Every structure is written in C-alpha cells, then in structure tokens.
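Here is the structure we will look at, set down as structure tokens.
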Amino acid sequence: MMVKRRARTLMFLGTGSDVGKSVLAAAFCRIFKQDGLRVAPFKAQNMALNSYITPEGGEMGRAQVVQAEAAGIEPHVDMNPILLKPTSTMGSQVIVLGKAVGNLSAKDYYATKKRLVPVVREAFERLSKRYDIVVLEGAGSAVELNLKEHDLVNLAMARMARAPSILVGDIDRGGIFAALLGSYMLMDPDEQDLLAGFMVNKLRGDPDLFTSGVDILEARSGKPVLGVVPHFDHIALPEEDSVALGRRMGRRSPADSDGKLALGVVRLPFLSNYTDFDCFEHDPGVELAYFDQPGDVFRFDAVVLPGSKNTLEDMLALERSGMADAVRAYFKAGGVVVGICGGYQMLGERITDPHGVESRVRETPGLGLLPMATEMAWEKVTTQVMARLHPDNRLGGRDLSPSKLLHGYEIHMGRSRPLAEGVRACFRILSRNGRDVSTADADDGLSSTDGRVWGTYIHGIFDNDAFRRAFLSFLEERSHKRARPEIVNYGRWKEAQYDLLADHVRSHCDMERIYRIVGI
C-alpha cells in the first residue's frame with residue numbers, strides 16, 4: 001500500500017554502514033531549512049544504543065534528533081518509529097513509537113515485522129502532512145539480499161514513500177565503483193527506477209580529480225552523480241554507531257594532553273548514550289578519551305562510567321577485565337569517578353535483576369564506591385527533566401548557583417536507593433515531561449560528601465554549560481591544571497556546525513538538479 005503523499009521527499013540510501021547517510025541527511029535538513037522549507041527527518045527503523053527522550057517522554061534514535069536540530073524543529077518519535085537497542089549479541093529491546101514493547105531475538109523480531117508496517121506508514125503520513133519536505137534515511141546497505149524479504153527501512157520504504165533516492169558511497173574506504181555500481185546492479189528494475197543518482201562521499205583531495213570517475217559511474221549506470229563531497233575535519237557532529245566509537249578509541253593518549261584536563265570514559269561492551277560526552281570532545285581545555293585497558297585509568301583527572309544497555313553484564317565484564325579493581329584503586333588513591341545512568345548503578349554495592357529485564361544474570365556486586373543498591377524493574381523510565389543542584393550538594397563546584405536550572409533526560413529500567421548515611425542526592429528534579437514532581441520523588445543521584453564520586457540518572461547533564469564549567473573547575477582545582485575559564489555555549493556551537501555542514505555539502509552538490517528531482 002502506498003502512502004498518500006503530501007510532502008515532497010528525498011531519501012539517502014547507502015552502500016554500507018558508516019558511509020555518511022546520517023550526516024548527509026542532516027546536511028540537507030539544514031539546507032532545506034536555510035532555503036525556507038519546513039523540513040523533517042525520517043528513519044523507519046534504527047538500531048543504536050544512543051537514544052533521546054522527546055518532550056512527550058518518547059524514546060528515539062539520536063541520529064534523527066541531530067537531523068531534527070539541523071531542521072530547526074523539536075524531535076518527535078514519528079521521525080524514528082522503530083528503535084532497536086541491542087541488549088546482547090542475539091537480541092534487542094524493541095521500541096515502537098517511543099515506548100519499549102519488549103526484548104526480542106532477531107528471529108522473533110522478523111516474525112513481528114509485518115505488523116509494524118502500518119505503524120511506519122502512519123508515522124510517515126503524519127510527518128508528511130505537517131512539512132513541506134521529508135528527508136529519509138536508510139540503514140546499512142540498501143541491497144542486503146538475505147534481509148530483503150524483511151526490509152522496512154531501505155528500498156521498501158523508498159517505494160512506500162515514493163521517494164527519489166540518492167545512493168551514497170564512501171570513497172575513503174576504497175572500492176567506490178564496486179560499491180555504487182554493484183549496489184545498483186543488485187537492485188530490481190523497479191528499485192533502480194527509484195534511484196535518482198549517486199553521491200560520492202568523503203573524498204580526500206581535489207574533487208576535480210575525480211571527473212573521470214564521475215564519467216565512469218554515469219556511463220555504466222545511466223544515473224547522474226549528484227555530488228562529490230570532500231572529507232572534512234573542520235566540522236564536528238555527533239556520531240551514533242560503534243564504528244564511530246571505534247575510531248575514537250584510537251585517539252592520542254591523555255598523557256599527551258598538553259596541560260588540558262584528561263577525561264576518560266570507560267568503553268563498556270554495551271555502552272549507550274556516549275553522546276553525553278560530545279560537549280567535552282569540542283572543548284579546547286579537555287582531552288577526552290574512551291579506554292578499555294585497566295592500566296590507563298591513572299592517566300586521567302576523572303574517570304566516567306557511561307550508560308549501559310545491560311548493566312549487569314557490563315559490570316561482570318569490568319570485573320573479568322580487571323577494570324573494576326583498577327577503578328576502585330584509582331578512587332582509593334584520590335581519583336574522581338562519575339557514573340551516568342548504568343554507570344551510576346555500577347557505583348553502588350549491588351545490582352539485581354530478579355525478573356530478567358536486562359539479563360539472565362540475577363545479581364552482581366557493584367564497585368562499592370557508593371552505599372546504594374539498584375534493582376531492575378519492568379517499567380522503563382523515559383522522561384525529559386528540569387532540575388537544580390540539590391541544596392545540600394555542590395558536587396565540588398563553586399561556580400554554579402543551586403538556583404540554576406538544568407535540563408536533561410532519563411532512560412532507565414533500574415531503581416536505586418541509598419543503603420546508609422554519608423551520601424547526598426546530586427540533583428532535585430523539578431519537573432518530568434513538563435509536570436511538577438512531588439518532593440518524595442524529587443531526589444536524583446548520590447554523591448560522596450567531598451564530591452569525588454557521584455552518579456546520576458540524568459543524561460545530557462554535561463550539556464548544561466554552567467554545570468559543565470563547574471565540574472571542570474573542580475577538576476582544575478584538584479589537578480592544578482588550567483583548562484578554560486569561560487563558559488562555552490554548546491547549543492550555539494552546535495548551530496554553527498550545522499551551518500558549516502550545510503555550506504560544505506551545498507557547495508559540492510548539484511543543488512539545482514536535486515531540487516528538480518525533489519519536485520521543488
């Protein structure tokens with residue numbers, strides 16, 4: 001069944017993962033916005049451990065959040081109606097229209113997929129009625145033949161939306177002709193008809209030197225090359241998949257941080273929401289590194305345990321690798337340890353999962369750095385929050401007034417409770433999803449009295465410029481380093497990146513032809 005289309009559409013398909021579909025979709029969301037169009041992103045199904053909570057309390061993938069920001073609109077679950085969050089090597093938590101519906105194996109998910117087609121179609125239709133143009137994104141390779149029967153996000157979605165599509169290939173990884181022409185030749189004739197052209201991405205060097213390559217692609221396929229986009233390193237954007245995280249693991253050692261504050265994020269097997277730390281990536285006073293070797297822990301001015309989609313399994317992995325003992329020793333020697341969401345749960349005495357919500361493991365000891373216990377519950381908490389520092393707790397920062405409003409979001413299955421005195425709540429929640437919170441449910445997180453160990457369920461807490469500055473000031477005081485005294489406006493900085501991205505992509509694409517293809 002076809003969608004009754006109202007908005008114009010443009011879709012980005014890929015020859016594989018990490019070829020730049022998400023970034024190009026974000027670029028065109030900003031380009032169309034700059035040109036006065038009401039534009040929205042759409043990805044029928046996303047598999048990612050980085051997610052976000054909308055103002056309505058729905059959970060969606062971060063890539064479509066970035067694209068919505070580029071489009072200048074509020075993210076909504078209709079932009080990503082199905083989100084898969086891997087909980088093991090065999091299964092994922094399935095989130096439909098922002099709400100978790102259960103953990104399914106790949107086989108079980110495929111069996112239920114046909115029932116999700118109307119959900120996807122209706123979400124797309126709602127967007128199509130509200131916007132001038134919808135920019136769609138595929139997933140992975142558009143021509144995985146063994147998965148084609150179950151396709152919901154690539155060519156099947158292009159057909160459903162009647163979307164002219166651009167096939168994106170990454171020339172930097174090599175094999176661009178095999179990737180683009182091979183993908184095209186594996187398409188059925190009706191699928192080839194949906195293809196408006198190719199886009200060559202991540203070219204290093206002068207695009208004019210690829211003129212003969214363009215001629216070859218066009219001659220062999222009969223399809224135009226709509227852009228040859230050079231690789232860039234002057235623009236920074238959030239990235240969501242494990243391939244991007246793998247690149248970050250190879251960055252220089254914090255021992256070479258040139259007097260900057262060295263912040264280490266533990267690379268968990270089921271790490272999630274590492275976008276919590278993007279704000280540090282672009283702070284000139286901070287050297288951020290992801291690490292998984294216990295011997296590296298003493299190199300950092302602070303160590304962060306990030307979110308996890310399977311807290312118990314990740315805690316056991318830390319014990320097996322020796323990382324747990326290294327973090328305990330680091331803290332005992334005077335180090336600063338922070339936990340966000342699943343990482344916060346690991347700071348406690350024990351973690352239990354009596355109902356098997358996340359894992360087959362029913363109980364495991366935590367790091368024992370905070371007198372706290374966590375139990376996994378069936379109901380998932382997904383809220384946007386407004387908070388303040390708890391009046392009894394400054395988290396070691398002297399630069400932030402307790403009256404300063406802080407914004408973030410919660411995504412967790414666990415419930416944590418203190419087991420002893422000598423700790424303080426970190427934050428006081430004022431509202432969840434726009435509703436006032438009673439005093440009984442207002443406390444979030446725990447910290448030691450000296451602020452050297454603390455944890456919270458609030459994702460995005462460091463995106464608050466004033467809080468981030470207070471935290472860095474605390475680390476500066478302890479390390480006798482000097483990072484940067486002024487507050488970086490992270491929101492304004494991100495807006496500048498979207499404009500830079502749009503300018504870069506626009507200048508290397510045939511925009512007049514693309515607009516004709518779109519029908520505008």
request  = Tell me which of these residue 82 doesn't satisfy, since it passes every other one: (1) touching a Ser or Thr at 6+ places or on another chain (Cβ under 7 Å); (2) surrounded by 24 or more Cβ atoms within 10 Å (Cβ to Cβ).
outcome  = (1)
key: Selected residue (only one of 195, 245, 237 is open to solvent by less than 40 Å² (accessible area, probe 1.4 Å), modelled with pLDDT under 90 and within 23 Å of residue 511 (Cβ to Cβ))   = 237
ask   = Would segment 96-107 turn up any residue that is assigned to a loop (DSSP other than H, G, I, E, B) and either under 22 Å from the mean Cα position of the chain (by Cα) or not aliphatic (A, V, I, L, M) (or both)?
value = yes
request  = State all residues of segment 379-394 that are modelled with pLDDT under 85 and either surrounded by fewer than 16 Cβ atoms within 10 Å (Cβ to Cβ) or in contact with a Lys or Arg (Cβ under 8 Å, 6 or more places away or on another chain) (or both); if no residue qualifies, say none.
outcome  = 391, 392, 393
query = open to solvent by 10 Å² or more (accessible area, probe 1.4 Å), closer than 27 Å to residue 378 by Cβ and touching a Lys or Arg at 6+ places or on another chain (Cβ under 7 Å): does that describe residue 92?
reply = yes
inquiry  = When the residues of segment 24-78 are narrowed to those that are of a type in the set (D, E, K, R) and not in a loop (DSSP other than H, G, I, E, B), which ends up surrounded by the fewest Cβ atoms within 10 Å (Cβ to Cβ)?
reply    = 33
message = Can you tell me which condition residue 431 does not meet? The list is (1) modelled with pLDDT of 90 or more; (2) out of contact with any strand residue (DSSP E or B) (no Cβ under 6 Å at 6 or more places or on another chain), and all the others hold.
response = (2)
task = Take the residues in segment 137-158 that are of a type in the set (D, E, K, R), open to solvent by 10 Å² or more (accessible area, probe 1.4 Å) and closer than 19 Å to residue 46 by Cβ, then tell me which one is modelled with the highest pLDDT.
result = 144
ask   = Taking segment 118-132 only, how many residues are closer than 23 Å to residue 52 by Cα, in contact with a Leu (Cβ under 8 Å, 6 or more places away or on another chain) and either open to solvent by 40 Å² or more (accessible area, probe 1.4 Å) or assigned to a strand (DSSP E or B) (or both)?
value = 0
query = Among the numbered criteria (1) more than 29 Å from residue 482 (Cα to Cα); (2) touching a Lys or Arg at 6+ places or on another chain (Cβ under 7 Å); (3) crowded, with 20+ Cβ neighbours inside 10 Å, which single criterion is violated by residue 287?
reply = (1)
request  = Tally the residues that are surrounded by 24 or more Cβ atoms within 10 Å (Cβ to Cβ) and of a type outside the set (Gly, Ala, Ser), restricting the search to segment 328-359.
outcome  = 10
query = Of the residues 7, 106, which single one is farther than 30 Å from residue 171 by Cβ, of a type outside the set (Ser, Thr, Tyr) and open to solvent by 10 Å² or more (accessible area, probe 1.4 Å)?
reply = 106
query = Only one of these conditions is not met by residue 343: (1) touching a Ser or Thr at 6+ places or on another chain (Cβ under 8 Å); (2) in contact (Cβ under 8 Å) with a residue 60 or more places away in the chain; (3) over 28 Å from residue 437 (Cβ atoms). Which number is it?
reply = (3)
Evaluation of residue 451 against (1) open to solvent by 60 Å² or more (accessible area, probe 1.4 Å); (2) closer than 23 Å to residue 366 by Cβ (one fails), failing number = (1)
Enumeration of residues in segment 22-64 that are among the charged types (D, E, K, R), at pLDDT below 95 and closer than 25 Å to residue 500 by Cα = 62
inquiry  = Looking at 356, 322, 339, 366 in this structure, which one is modelled with pLDDT under 95 and small (Gly, Ala, Ser)?
reply    = 356
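The values are calculated or read from the model by the stated rules, or taken from the named source; none is laboratory data. In this text the structure is predicted, and so the values were computed from the model without any measurement. Every residue, glycine among them, receives a Cβ derived from its backbone with ideal geometry; neighbour counts consider all protein chains shown. Heads up: the accessible areas ignore ligands, DNA and RNA and are worked out on the full protein's heavy atoms, side chains in. Shrake-Rupley method; radii C 1.70, N 1.55, O 1.52, S 1.80 Å.
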